[in-house]
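The structure appears below as structure tokens.
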Amino acid sequence: MPYFVIIILFLCFQQVSFSQDSMPAVPVVCYLSEQNSFTEIPAQEFISASGRLAATSNIEVTYIDFPEQVKTSFEYAVAIWERYLISTQTIRIKATWSKTVVSTVLAETGATRIYRNSASIPNLPYANVWYPAPLAEALSGKDLNSADFEMTVTLNANINWYLGTDAKAQAGKFDIITVLLHEIAHGLGFSSSMSVNDTQGLYGQSGSAYVFDIFIQDSKKVKLTNSGVYGNPSTDLKTSLISNALYFGLKNPAFANNLPRLYAPSPFKSGSSFSHFDESTYTVGTANSLMSPSVRAAEVNHTPGDLLLNCLNEIGWQINGLNGYIVTDVENIPEQTFEVLVFPNPVEDRVNVAFPLQTQPRAIKIDLLNNQGKALQSIEKQGVKVETISVDISSLNEGIYFLRVLDGQKVLIKKIVR
Ligand SMILES: [Zn+2]
């Protein structure tokens, strides 16, 4: 074989092995509805019993062609998300003020890239599943793209925007804070890869579903990514995708009888179906309406809502104020308010142990025990401020196991099911 052929083959192989761990994501398209809703939901007061909640993440926006006034509104929306998300990694957004977006579209948003669990990114809870860049970085505690953007937001410059931050509904105007809160949620991972063609439904990129996809289930609680029931592609999948009866399978039993209902209209709306909550279930002006598919004129909603926050938590985000996490002041953290999170449970291949942020570095240890109390694996680290550690249990038989987690001086025993 000639030398140059070997080099070309080598380069091709390199390209393939690179693309298996990360690739560009597909953005979500969000449409407007000109009907005025005249509803106002102000931002949550970021105050808990122990004080005002601090920003627990950092979002940096690079503005392309933005008027100064719009930047101020954008920063206000970003500051709201910074108080819900917990991440040590800066989320970099490339925001474009575009005059060429179709007139019925408010915005398009997506992660720049998606990442799969691999030797270099071992902290992603589910194997063979794509994670959006901001979440992959939050879970791994690493900058995965050399300070490149994690998210792109393209806003339609021709919309009659209301730029105020005072949560006042204005006739005929679209509240930019509401739209930005909605858009950023897509970039954080509220985004499905499910689609349909003439005869079949299908999902995934390069053989893997998006992390959002793996929680979508039908009215019989069968996951659409259950390949024993739904082929990919298949006509059965298409039938479900336009069934108007799809749900996000939150594991928290508090939501067992009230799972978030997704937008699954017939015909399928490309770029819009499933990456939203159902419009008729979560009507304008109600608590969980932020992620409905069409933002209306004079619709103001500056609060993500419990269902959205729980969905983001389920795909892997640590959320301030949710499930025991309350960070009030990053410089002076009251330790008793923290909980170590163990997720997902039941476990498929990897179980994650998320150690909450503390200002003082501490020693942590995780022991994986069988049901006789015998240690099967141990992981120890010193000097941890905040970290999510992933334990691979893919080689274990199905059954009951225990995690013994030491966080500084505190010990937690957690039963897990494989
Ligand atoms: Zn949307």
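The values are calculated or read from the model by the stated rules, or taken from the named source; none is laboratory data. Computed from a predicted structure; not experimentally measured. Neighbour counts run over all protein chains shown; Cβ positions are idealised from the backbone, glycine included.
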> Inside the range 290-323, can you point out the residues that are within 13 Å of the ligand (Cβ to nearest atom) and free of Cβ contacts under 8 Å to residues at least 60 places away in the same chain?
Replying inline: S292
>> Yes or no: the range 81-90 includes at least one residue that is more than 30 Å from S22 (Cα to Cα), touching a residue at least 40 places away in the same chain (Cβ under 8 Å) and among the hydrophobic types (A, V, I, L, M, F, W, C).
In response: no
>> For the range 274-326, give me each residue that is buried (at least 19 other Cβ atoms within 10 Å of the Cβ) and of a type in the set (D, E, K, R).
In response: D278, R296, E299, E314
> Given the structure, is D392 buried (at least 19 other Cβ atoms within 10 Å of the Cβ) and either charged (D, E, K, R) or more than 23 Å from S118 (Cα to Cα) (or both)?
Replying inline: no
> Out of (1) in contact with a Cys (Cβ under 7 Å, 6 or more places away or on another chain); (2) away from the ligand (no atom under 16 Å from the Cβ); (3) among the hydrophobic types (A, V, I, L, M, F, W, C), what's the single condition that is false for A256?
Replying inline: (1)
> Is it true that some residue in the range 89-101 is at pLDDT below 95 and either small (G, A, S) or out of contact with any Asp or Glu (no Cβ under 9 Å at 6 or more places or on another chain) (or both)?
Replying inline: no
> Looking at S50, S17, S73, which one is touching a helix residue (DSSP H, G or I) at 6+ places or on another chain (Cβ under 8 Å), away from the ligand (no atom under 16 Å from the Cβ) and at pLDDT below 95?
Replying inline: S50
>> When you scan the range 216-225, do you find a residue that is without any contact (Cβ under 8 Å) to a residue 60 or more places away in the chain, part of a helix (DSSP H, G or I) and among the acidic types (D, E), even just one?
In response: no
> Counting residues that are more than 24 Å from S206 (Cβ to Cβ), which strands (runs of 3 or more DSSP E) fully inside the range 59-168 reach at least 2?
Replying inline: 59-64, 91-98, 105-111, 151-156
>> Considering only residues that are polar (S, T, N, Q) and modelled with pLDDT of 80 or more, which ones fall in the range 363-387?
In response: N370, Q377, S378, Q382
> Is it the case that some residue within the range 188-207 is in a loop (DSSP other than H, G, I, E, B), touching a His at 6+ places or on another chain (Cβ under 6 Å), more than 16 Å from the ligand (Cβ to nearest atom) and not β-branched (V, I, T)?
Replying inline: no
> In the set A119, A171, A157, A138, which member is at pLDDT below 95 and over 20 Å from the mean Cα position of the chain (by Cα)?
Replying inline: A119
